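The values are calculated or read from the model by the stated rules, or taken from the named source; none is laboratory data. This is a predicted model, so every value here is computed, not measured. Glycine also receives a Cβ, built like all others from the backbone with ideal geometry; neighbour counts cover every protein chain displayed.
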Amino acid sequence: MHAKYPAVFSPVQLGPVELPNRFFFAPHGSALSAGTKPADDLVAYSAERVKGGGCGLVVVALAMHERGRTRQPSPHEAVNIPAFRVLTDAIHDAGGKIFGEPFYHWIGAGYWQVFSPPAPAMAPSVRQFGHGGRAHSTRAMSRDEIARMIEATRVTAANMAEAGFDGIMLHVSHAALIQQFLSPWFNERADEYGGSLENRMRFLVESLRAAREGGGEQFAVGLRLNCDEQLEGGYGPDTAREVVARLVEQGLIDYIDLDVGLEPQQFRHGMPTGFEPGQYYRPWVEKVRSAAGDVPVLSVLGNVTDMAQAEAALQAGACDVIGAARQLIAEPDFVQNAREGREDRSRTCIACNWCTAAGGDGAQGCAINPASYRDRIWGRHSYEPAAHPKRVVIVGGGPGGMEAARVAAEKGHRVTLFEARDVLGGALALWADLPGREHYRAAIDWWQSEVARLDIDVRLGAAADEAAVLAEKPDAVIVATGASYSPGGRSITYDGDIPGSDLPHVVRPEDVLLGGRRPNGKVWIFDAEGYHTGTGIAEMLATNGAEVNFVTAGYSPVSARNTDNWEEYYIVGRMKRAGVKLVPSHWVSSIGERTVTLRDVHTGEERREVAEAVVLATGRVPQDSLARALEGKVPQLFTIGDALSARMLAAATYEGQKFARAIGESDGPASFAEAWFSPDPLSVVPFPADVERPAPAA
């Protein structure tokens, strides 16, 4: 028995399957596939969370049918079984069990062929929905289509069992197809699949029976169920309880995973952000769980980031098995570290949801752990000492600089980190000082602890110039000096200096966040980023009594990144409650002594408004003068993050790790330019799990 976490580290039986412990890696979109096969990256990514006494169970999201593939691999095609066998063998060899969560979802309607328009999104009834700013309606499935989907469930389960999966989790949450049949809001059918609860449950019951038939006796069958749709006309906990009780009474399930959230209606609940309290699902789970009787209940409870929280929830009976997706994305060793008493080594997920928003930038990953999703090449096995230990200088103590310092030190280099401010954290630390965003500080705290653990020479309050850097006689320098807001207010709307931007009542975000300026009276904020800086300043100034007008050229006060990561609802709501007036589809033509001239971006019409202060939260400009001064003067020189090109947090941490790994390697690039103009090595390309990867060239 584990002295600190006896409940977490005790076995549990889910039907025919025994789990070695009670923490599981929850299903989620990962895009780690090669066509409809799992990629070798998915194998490494999943196994990394199990090795060394980690998660007792991994649940992998899968497409029920290859036509409806939503970035997930599909076991429906028998030709994919060998690739899935590689995945299941890896989990079993690591000491865990593996379930699959095959699903069909209206957002993932699929395509008729490559580059064709989308195929129809199938549903129980015709409903309106939107995704990515595009409106759609669904196709009400015929009886024949329902029968074919149920048969797809049987075939998928059979192929999963043959591939070595231990069980199946049908997706009856997040507005996936089975939940829509169960829901009185989604399901308006008048036949045997609609109307009464018994009829609405029919598709679920038939799907469970098909999964049982396909999987066989040693195959655990269960589901993830939404406890409360939180829709007017949808079902709530009382109906969820009745559904669970009926399934248990009929002996259809070996376990049940209780959840909350619809996608896309309120998926802010499906991926609770840091603006929500922890364990957001727990009240709903506790209302439903007793209906399961002796059937084990799984749940993520909603953003569990501390093993003491997990232990307390298990001890209190909130669930029988507890899990996480994002915390384990951020920290693959979360369970292992808790087991071994080194929890201080674990990152804490900051719920920024880059893992969901990244797709909009054509990326995948974790903002604070760039090795995540790249575990095959950057996992725990990859920190062997560099071929040639070097003297490394890093300038800039933001997330990118700290990640670079950490990785370089882990690789055996001697590292000095210069930071001009008196604290580490860079722009992320400034975000953490804004209202409601305190949760971002957890990432900074972790990097600081790692810097201390690795005995990195940190010099705070040291604005390193060329002479200071060269005085250290470095073999390699990484410049992570960030970016500053354009003094003249340049932006994607108008990439030129705004007339009047040099007047004394015009300030930049740095003046507010670092210089202590607190504009009051009638304040106009012009925001061209739509991210946390401008919106957070608007809320802060309005809360302090300013009359804040928040101007954006677009219709939304936030960018698509804040929409895709589910923070928009909270950010905009907080601004409105603070009294901020939103002024969309306008921009500034000029700034006068006590005025601003606004221009309607569609009609060109202008109007003049009183302005006692102006904040230009517009475009950011890289601060890379040091890097340019050092060119040709050190053997290896890399500029990273915003100093290279102003982008998102994840770019800084990724480049910090990428280029720190290049230091001291015989085949490593000497500069950003050399890396950019070189072809990608074959090692970074995903391969189907059952295809042997070619050996690296000699």
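Things to note:
- Where residue 683 falls short, out of the listed (1) in contact with an Asp or Glu (Cβ under 7 Å, 6 or more places away or on another chain); (2) surrounded by fewer than 16 Cβ atoms within 10 Å (Cβ to Cβ); (3) of a type in the set (S, T, N, Q): (1)
- Just so you know, in segment 601-618 the residues that are of a type outside the set (Ser, Thr, Tyr) and closer than 15 Å to residue 527 by Cα include one that is nearest to the chain's Cα centre (by Cα), and it is 617.
- Criterion violated by residue 91 - all others in (1) outside any helix (DSSP H, G or I); (2) buried (at least 24 other Cβ atoms within 10 Å of the Cβ) satisfied: (1)
- Selection status of residue 138, free of Cβ contacts under 8 Å to residues at least 40 places away in the same chain, of a type in the set (Val, Ile, Thr), crowded, with 16+ Cβ neighbours inside 10 Å and in the same structural domain as residue 219 (by TED's automatic domain parsing): yes
- Residue 560 vs. criteria among the aliphatic types (A, V, I, L, M) and surrounded by 21 or more Cβ atoms within 10 Å (Cβ to Cβ): no
- Sole exception among (1) buried (at least 18 other Cβ atoms within 10 Å of the Cβ); (2) at pLDDT 95 or above; (3) of a type outside the set (A, V, I, L, M); (4) part of a loop (DSSP other than H, G, I, E, B) for residue 664, by number: (2)
- Test for residue 263: is it part of a helix (DSSP H, G or I), in contact with a helix residue (DSSP H, G or I) (Cβ under 8 Å, 6 or more places away or on another chain) and within 20 Å of residue 125 (Cα to Cα): no
- Inside segment 430-453, residues that are surrounded by fewer than 22 Cβ atoms within 10 Å (Cβ to Cβ) and either among the small types (Gly, Ala, Ser) or in contact with a strand residue (DSSP E or B) (Cβ under 8 Å, 6 or more places away or on another chain) (or both) make up a count of 6.
- Check on residue 274, modelled with pLDDT of 95 or more and either touching a Cys at 6+ places or on another chain (Cβ under 8 Å) or not aromatic (Phe, Trp, Tyr) (or both): no
- Tabulated pairs, segment 390-414, first under 16 Å from residue 653 (Cβ atoms) and surrounded by fewer than 22 Cβ atoms within 10 Å (Cβ to Cβ), second of a type in the set (Ser, Thr, Tyr) and at pLDDT below 95, C-beta under 7 angstrom, 6+ apart or interchain: 410/383
- With respect to being under 22 Å from residue 258 (Cβ atoms) and either assigned to a loop (DSSP other than H, G, I, E, B) or free of Cβ contacts under 8 Å to residues at least 24 places away in the same chain (or both), residue 363 falls outside the description.
- Filtered residues of segment 1-57 (kept if touching a Phe, Trp or Tyr at 6+ places or on another chain (Cβ under 9 Å) and free of Cβ contacts under 8 Å to residues at least 24 places away in the same chain): 1
- Within segment 524-535, tally of residues that are outside any helix (DSSP H, G or I) and under 18 Å from residue 612 (Cα atoms): 4
- Any hit, segment 151-160, residues being assigned by TED's automatic domain parsing to the domain that holds residue 57 and over 32 Å from the mean Cα position of the chain (by Cα): yes
- Within segment 470-523, being outside any loop (DSSP other than H, G, I, E, B) and under 30 Å from residue 415 (Cα atoms) holds for 470, 471, 476, 477, 478, 479, 483, 484, 485, 510, 513.
- Taken over segment 515-557, the criterion of being surrounded by fewer than 19 Cβ atoms within 10 Å (Cβ to Cβ), in contact with a strand residue (DSSP E or B) (Cβ under 6 Å, 6 or more places away or on another chain) and either free of Cβ contacts under 8 Å to residues at least 60 places away in the same chain or hydroxyl-bearing (Ser, Thr, Tyr) (or both) is satisfied by 517, 547.
- Condition met for residue 603 (assigned to a strand (DSSP E or B) and among the polar types (S, T, N, Q)): no
- Pair list, Cβ under 8 Å, 6 or more apart: segment 600-615 residue without any contact (Cβ under 8 Å) to a residue 12 or more places away in the chain and over 13 Å from residue 503 (Cβ atoms), other residue surrounded by 15 or more Cβ atoms within 10 Å (Cβ to Cβ) and hydroxyl-bearing (Ser, Thr, Tyr): 607/597
- Residues in segment 277-318 that are surrounded by fewer than 21 Cβ atoms within 10 Å (Cβ to Cβ), assigned to a loop (DSSP other than H, G, I, E, B) and of a type in the set (Gly, Ala, Ser): 278, 293, 316, 317.
- Tabulated pairs, segment 617-643, first in a helix (DSSP H, G or I), second buried (at least 24 other Cβ atoms within 10 Å of the Cβ) and of a type in the set (Phe, Trp, Tyr), C-beta under 6 angstrom, 6+ apart or interchain: none
- Applying the condition of being buried (at least 24 other Cβ atoms within 10 Å of the Cβ) and of a type in the set (Lys, Arg) to segment 319-347 and asking which residue is nearest to residue 27 (Cα to Cα) yields 326.
- Only one of the numbered conditions (1) touching a helix residue (DSSP H, G or I) at 6+ places or on another chain (Cβ under 7 Å); (2) among the small types (Gly, Ala, Ser); (3) not in a strand (DSSP E or B) is not met by residue 83, and that is (1).
- Scope segment 519-532; condition within 33 Å of the chain's Cα centre (by Cα) and not hydroxyl-bearing (Ser, Thr, Tyr); matching residues: 524, 525, 526, 527, 528, 529, 530, 532
- Yes/no for residue 42 being in contact with a Gly (Cβ under 7 Å, 6 or more places away or on another chain), closer than 22 Å to residue 362 by Cα and either buried (at least 21 other Cβ atoms within 10 Å of the Cβ) or not basic (Lys, Arg) (or both): no
- Cross-chain or 6+ apart pairs with Cβ under 6 Å, segment 477-499 first and farther than 29 Å from residue 465 by Cα and not assigned by TED's automatic domain parsing to the domain that holds residue 668, then surrounded by fewer than 20 Cβ atoms within 10 Å (Cβ to Cβ) and among the polar types (S, T, N, Q): 499/590
Quick grid of which residues meet (1) surrounded by fewer than 20 Cβ atoms within 10 Å (Cβ to Cβ); (2) among the acidic types (Asp, Glu):
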| site | (1), (2) |
| --- | --- |
| 210 | no, no |
| 223 | no, no |
| 229 | no, yes |
| 235 | no, no |
| 238 | yes, yes |
| 243 | no, no |
| 256 | no, no |
| 261 | no, no |
| 269 | no, no |
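- Qualifying positions in segment 427-455 - touching a residue at least 60 places away in the same chain (Cβ under 8 Å) and among the polar types (S, T, N, Q): 449
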